[in-house]
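The structure appears below as structure tokens.
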Amino acid sequence: MTTTPPADPRIEAVAARLKEAAQKRAEAYAPPTDWQPIWKRPRKPKPMKAKKAELAKQRKRLKAAGVRRFYGAQSRRPRQNRIGSAAARRDARALSRMRHSNAWLW
């Protein structure tokens, strides 16, 4: 049969101080009662001038991206001014092979 040792007043005092300090730390680090995450806070309305400036900046950025995309595609596009359809391209390829071969000598 185990018996509990008699309570030592010094150990009890240290334990009480530790519990009190832990409680104070928890209160210090706990979020305030009226705290809300930033995405749930009510928005402050922007002045019209700031909103217009932001939209102008966005328009400029998107226009520049569109121009970059257009010219990037232009540089990769094959020249297809003479031969339009896939069948015509195949015919031209076959003719080119014939032209560059020596089959006409037979």
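Once the piece of chain linking residue 71 and residue 43 is laid out straight, how much longer is it, given 0.36 nm per residue of separation minus the C-alpha distance between them?
Working: separation 28, 0.36 × 28 = 10.08 nm, distance 3.97 nm.
Difference between extended and current length: 6.1 nm.
Taking the alpha-carbon distance from residue 63 and a cut-off under 28 Å, which lysines remain once sequence neighbours fewer than 8 residues away in the same chain are dropped?
46, 49, 51, 52
Give a quick list of chymotrypsin sites (Phe, Trp or Tyr not before Pro) in the range 14-48 that DSSP marks as loop, anything other than H, G, I, E or B, with at most 16 other Cβ atoms within 10 Å. Walk me through the intermediate numbers first.
Values: sites: 29, 35, 39; in loops: 35.
Hits after loop and neighbour filter: 35.
So what are the ³J(HN,Hα) numbers for the range 57-68, from phi and the Karplus equation (6.51, -1.76, 1.60; θ = phi - 60°), rounded to whole Hz, Gly and Pro as x?
4, 5, 4, 4, 5, 5, 5, 4, 5, x, 5, 4
Could you calculate the contour length gain from residue 86 to residue 23, that is, 0.36 nm times the residue separation minus the distance between their Cα atoms, to one decimal place in nm? Don't skip to the answer; put the middle values down first.
Details: separation 63, 0.36 × 63 = 22.68 nm, distance 7.86 nm.
Length gained, residue 86 through residue 23: 14.8 nm.
Values quoted throughout were computed directly from the atomic coordinates according to the rules given, and no laboratory measurement underlies them. Note that the structure is a prediction, hence the values are computed from the model and not measured. Quick reminder, even Gly has a Cβ in these numbers, built from the backbone with ideal geometry, and neighbours come from all protein chains shown.
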